[in-house]
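Student: Before anything else, here's the structure in question.
Bear in mind that the values in this text are calculations on the coordinates, not laboratory data. Fair warning: this is a prediction, and the values are worked out from it, not measured in the lab. Here Cβ is always computed from backbone atoms with ideal geometry, including for glycine, and neighbour counts include all displayed protein chains.
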Amino acid sequence: MTGIPDILWLEEIRKEDIPSVGGKGASLGEMASIGLPVPPAFVVTSQAFRRFLIQTGLEEPLFTVLKGVNVDDNEALESAAQKAKELVNKANMPDDLKSEISTAYEKLRRTGEIVAARSSATAEDLPDASFAGQQETVLNIKGIENLLNAIQTCWASLYGARAIYYRTKQGFEHHTVNIAIVVQQLIPSEKAGVMFTSHPVTGEPLTIIEGSWGLGEAVVSGAVSPDKYVFDRRLERTTDRLVSPKIIEIIPDGNYGTITRDVESGRQEVQVLSDEEVKRLATYGIVSEEHYGVPQDMEWAIVGEKIFVLQSRPITTIKASGSMKKETTSGSSEKVILQGQGASPGLACGPVIIIDDIRDIGKVKDGDIMVTRMTNPDMVPAMRKVAAIVTDEGGMTCHAAIVSRELGTPAVVGTRKATQILTDGMVITVDGEKGLIYEGEIALHADNGKNVQVAVAAAPAKIITATSVKVNVSMPEAAQRAAATGADGVGLLRIEHLILGLNKTPNWFIKNHKEEDFISELMNGIKVVLDAFPGKPVWVRTLDAPTDEFRNMQGGENEPIEHNPMLGWRGIRRDLQSPTQFRLQIDTFKRLWDLGYDNLGIMFPMVSHPREFVLAKEQFRQAGVDVEKVDLGVMIEIPASAILIEDFIRAGIRFASFGTNDLIQYTIAIDRNNENVTDMYWPKHPAVLALIDQAIQVCRKNSVEVSICGQAGSDPDMVTWLVEKGITSVSSNIDAISKIRETVAKTEQRIILDAARNKNAN
Ligand code: PEP
Ligand code: MG
């Protein structure tokens, strides 16, 4: 035996103690040692767990159950997991271990009798082999019997199906992975939540805090839309706060576990944190960030006046700065096996799963790399799970590219032959920035040779620009990430993803008399985005799904077969010919306006003649909308609409936005999704620029807001040109906002300087 005790108190633990207390235990010990207000706790060490296995004679039968299990066979995996967990749960814990835990619990009870048991797994040589979220946490435990039960439940969770799967795929031997249990006083928090000590996307010194009522699990699990606060560390004050309706809360229930209950209506809209509390939390965040040297993702809880810190770990989403090189873990040189377009930045590695057919998506597991000809809306649930996405077809504006950028998942599109060259289970590394696929697992190393999980991005302070910098959103779940960029509004909310995600065509809802369901789904989705951008304009685009995208959905069998759906029955032309479908959308918008969301603007796609705008506006009027009060505008994505912009202005548009993804393809006759002509897709083609330039000048002359929401609005060179030409706003992808804001500011400063110099010279 090792000589390490079965129980260690937080005060005895440092970050080096991971093998005994796991990542979570070590982090809590370290936090307590620097004076952060961590609730008292002890850890049942991994040595205690080993002793339990040995003394109960479990080792042999347990590892026999796990040995050689084919983790790709779901049934075999589930059955092995079930047997292994049962063995652990049913075994009798040695009496002396029980009594040690009991003594420690008695001591902990002096500060509070309710505790939580949190799993903290670790491999022998790895800081965190717990693969977050795979092991149990039991909250609200009262009494020693309940605690012993909870500890055994947490131990057993080391053999859950997902945990076994990951260890096998990552090449860990099951017997080298241990588990420690943190037994901590449960803070019966009145409010709790999470905090990013620096901006999670840009790395700016902005502390982002999310909070809600009750226990923090409601925020961590995403069960509630929390309040959001932005604390600017340079100005030392809260610069932004968004109060959301907090519908539910999770609270302790009896002697064991928790319940979710409705928050009474009077408390739902109440602001959770005062400015004073935000400042105190941010200060703890700074202490932790400075101690660890990297921005932290923390959990906190407040009861009465007291703040507690429950967790602190490095943020992994901030883009690493500085020069990087890649190295295979074996040290051999990297081998590029495929190339395409880098559609969503980031590096990821994992086993390939080929999706030939939508029926295959059940096979997709967390951490896989999805390889498919082209993604479609049915695949979105699986796309949420995967570490990266690789497609044969498509360009920067295809479905896979748009969705993966919003999910923050690395993606390479248009490789032409990924589904032929890659095979199921093959481990690859995807570089979503450069568009490269490497054989095997490649570790990211900074030039100093240290393994880099996170590097602090030396990002500039949030810059105020005269040209608005807005963000594009397609999925409501990306709204918070989008808002966290500090964007000046949403320049394009595509509702297709929302509607396609329902898996039924609008016509299906109409035919089955489920119009109200359609309206409420659409309304709830849009509301999430409006709520994330209070007081900032959100331009929602009416439906623009080509017929081929509807075909796989219920009701899709009635969609016409079109030879060229891109030029077919889509956008405003379809809505004008389908009055009921259009009316359902208008009714949704009207209800939102009636609720007071006057930041909602509506944008019509694929207009080619001002008549279409006039007809659409008339439909709004007939539905009872005060059309002179609301913002109605158009996309400019057909050359005809750029040429006729003055007539559109006379027809009453309030704004226009360049949909360059389509404008380019229609101007130079290059299919945006066809990888055979990708090289000829030329955003800065002189004809495209000429159309944009003349439309900007006409809009400026008439004081009409003119923007861009196509992919070209995320390209710094293009944006420089657009700002020089006088565009009044740009709308970019979430991942591009920081760079685009900087580009806009620099261009504006140069224009001002040039003007001043010219004045001096005259
Ligand atoms: C565009 O065409 O530029 C645009 C933003 O619309 P979508 O990509 O949805 O066609
Ligand atoms: Mg378009």
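Student: Scattering from the C-alpha atoms of the range 191-314 alone, worked out with Debye: what is log10 I(q)/I(0) at q = 0.10, 0.12, 0.16 1/Å?
Tutor: The computed values of log10 I(q)/I(0) come out as -0.29, -0.42, -0.73.
Student: Quick one: 3J(HN,Hα) in Hz for the range 558-569, Karplus 6.51/-1.76/1.60 with θ = phi - 60°, rounded, Gly and Pro as x.
Tutor: Here the 3J(HN,Hα) series is 8, 5, x, 7, 10, 5, 9, x, 4, 9, x, 8 Hz.
Student: List Glu557, Glu305 from most exposed to least, where exposure is judged by having the fewest other Cβ atoms within 10 Å.
Tutor: If I rank by nearby Cβ atoms, fewest first, I get Glu305, Glu557.
Student: Using only the Cα atoms of the range 7-185, construct the convex hull and provide its projected area averaged over every direction, in square nanometres to one decimal.
Tutor: Directional mean of the projected Cα hull area for the range 7-185 stands at 9.5 nm².
Student: Further, regarding this structure: Kindly put Met603, Met426 in sequence by how many other C-beta atoms sit within 10 Å of each C-beta, fewest to most.
Tutor: Met426, Met603
Student: Under a point-charge model restricted to the Cβ atoms of Lys and Arg (+1) and Asp and Glu (-1), what is the dipole moment magnitude of the chain relative to its Cα centre, in debye to the nearest 20?
Tutor: 1320
Student: Can you work out ³J(HN,Hα) from phi for every residue in the range 504-509, in order, using Karplus 6.51 cos²θ - 1.76 cosθ + 1.60 and θ = phi - 60°, giving whole Hz and x for Gly and Pro?
Tutor: 9, 6, x, 4, 4, 4
Student: Follow-up question, since we're still on this one. Exceeding 27 Å between C-alpha atoms, which entries from my cross-link table qualify? They are Lys684/Lys746; Lys417/Lys504; Lys85/Lys365.
Tutor: In this structure, Lys417/Lys504 lie more than 27 Å apart at Cα.
Student: Helix 46-55 versus the longest principal axis of the chain: what is the Cα-based angle in degrees, 0 to 90, to the nearest 10?
Tutor: Rounded to the nearest ten degrees, it is 50.
Student: I'd like the distance between the alpha-carbon centres of the range 364-435 and the range 32-52, rounded to an integer number of Å.
Tutor: Spelled out, the Cα-based centre of one part sits 40 Å from the other.
Student: Ok, one more. Report Rg(Cα)/(2.2 N^0.38 Å) for the chain, keeping two decimals.
Tutor: Computed over Cα atoms of the chain, the ratio equals 1.02.
Student: Rounded, prolate or oblate: pick one for the range 605-664, where a ≥ b ≥ c are the square roots of the eigenvalues of its C-alpha gyration tensor, a/c under 1.5 means rounded, and failing that, prolate if a/b is larger than b/c, else oblate.
Tutor: It is prolate, given that a/c is not under 1.5 and a/b is the larger ratio.
Student: Still on this model: Using r as the Cβ-Cβ distance of Asn89 and Asn503, and R0 as 56 Å, what FRET efficiency do you calculate, to the nearest 0.05?
Tutor: Efficiency at R0 = 56 Å is approximately 0.90.
Student: Let me ask something else. Give the long-range amide H neighbours of Gly214: residues separated by 5 or more places, or on another chain, with amide H under 5 Å away, using H modelled in the peptide plane at 1.01 Å from N.
Tutor: Lys191, Ala192
Student: Further, regarding this structure: Put a dot 7 Å past each Cα toward the Cβ at Lys98 and Glu113; how far apart are the dots in nm?
Tutor: 2.1
Student: Same structure, new question: Over all directions, what mean area does the Cα convex hull of the range 605-762 project, stated in square nanometres?
Tutor: That works out to 11.4 nm².
Student: Could you work out how far apart the two model spin labels at Glu433 and Glu236 are, taking each label as a point 7 Å from the Cα in the direction of the beta carbon, and quote it in nm?
Tutor: About 3.5 nm, to one decimal.
Student: Still on this model: If the chain between Ile668 and Gln55 were fully stretched, how many nm would it gain, using 0.36 nm times the residue separation less the Cα-Cα distance?
Tutor: 213.2 nm
Student: How far apart, in nm, are two points set 7 Å out from the Cα along the Cα-to-Cβ line at Arg373 and at Arg573?
Tutor: With each label placed 7 Å out from Cα toward Cβ, I get 2.6 nm.
Student: Can you give me the orientation-averaged projected area of the convex hull built on the Cα atoms of the range 326-447, in nm²?
Tutor: Here the figure is 6.7 nm², rounded to one decimal.
Student: Considering only Val364, Pro410, Gly160, whose Cα is most displaced toward the positive end of the charge dipole of the chain, charges sitting on Cβ of Lys, Arg (+1) and Asp, Glu (-1)?
Tutor: Of Val364, Pro410, Gly160, it is Pro410.
Student: Then there is this: With the dipole of the chain worked out from charges on the C-beta (+1 for Lys and Arg, -1 for Asp and Glu) around the Cα centre, which of Leu600, Ser312, Asn140 lies farthest toward the positive end?
Tutor: Towards the positive end, the residue furthest out is Leu600.
Student: On to the next question. Along the charge dipole of the range 636-762, Cβ charges K/R +1 and D/E -1, which of Ile734, Val723, Pro683 sits furthest on the positive end?
Tutor: With unit charges placed on the Cβ atoms, the residue in question is Val723.
Student: Could I ask something else about it? As a footprinting exposure proxy, order Leu567, Leu53 by other Cβ within 10 Å, with the fewest listed first.
Tutor: Lowest count first: Leu567, Leu53.
Student: Let me ask you something else. Given a cut-off of under 8 Å on Cα pairs at least six residues apart, what relative contact order in percent is computed for the range 7-185?
Tutor: Relative contact order here is 33 percent.
Student: So, with +1 on the Cβ of K and R and -1 on the Cβ of D and E, and no other charges, what is the size of the charge dipole of the range 1-71 about its Cα centre, to the nearest 20 debye?
Tutor: 180
Student: May I ask for the angle, rounded to the nearest 10°, between helix 686-701 and the longest principal axis of the chain, with both axes built from Cα atoms and the value confined to 0 to 90°?
Tutor: That works out to roughly 80 degrees.
Student: Please list, in chain and number order, the residues 5+ apart from Ile636 or on another chain whose amide H is under 5 Å from its amide H, with Hs placed from the backbone.
Tutor: Amide H to amide H, under 5 Å and 5 or more residues apart or across chains, Ile636 pairs with Ser657, Phe658, Gly659.
Student: Calculated from DSSP H runs of 4 or more alone, at -39500 (n - 2.57) each and per residue, what is the 222 nm mean residue ellipticity of the chain, nearest 500?
Tutor: Value at 222 nm, helices only: -11000 deg cm²/dmol.
Student: Would you list, by chain and number, the lysines whose Cα falls below 16 Å from the Cα of Lys363, excluding same-chain residues fewer than 8 positions away?
Tutor: Partners found: Lys169, Lys385.
Student: Charges only on Cβ, +1 for Lys and Arg, -1 for Asp and Glu: so what's the dipole of the range 468-734 about the Cα centre, in debye to the nearest 20?
Tutor: 480
Student: Residue by residue, what Karplus-based ³J(HN,Hα) values in Hz, rounded to whole numbers, does the range 98-103 have, using 6.51, -1.76 and 1.60 with θ = phi - 60° and x for Gly and Pro?
Tutor: In residue order, the calculated couplings are 4, 6, 5, 5, 5, 5 Hz.
Student: Ok, one more. Pull out the extension gain between Glu16 and Asp594, defined as 0.36 nm times the separation in residues minus the alpha carbon to alpha carbon distance; nm, one decimal.
Tutor: So the extension gain works out to 202.3 nm.
Student: If you stretched the chain out fully between Arg757 and Gln268, how much longer would it get, using 0.36 nm times the residue separation minus the C-alpha to C-alpha distance?
Tutor: Value of the extension gain: 170.5 nm.
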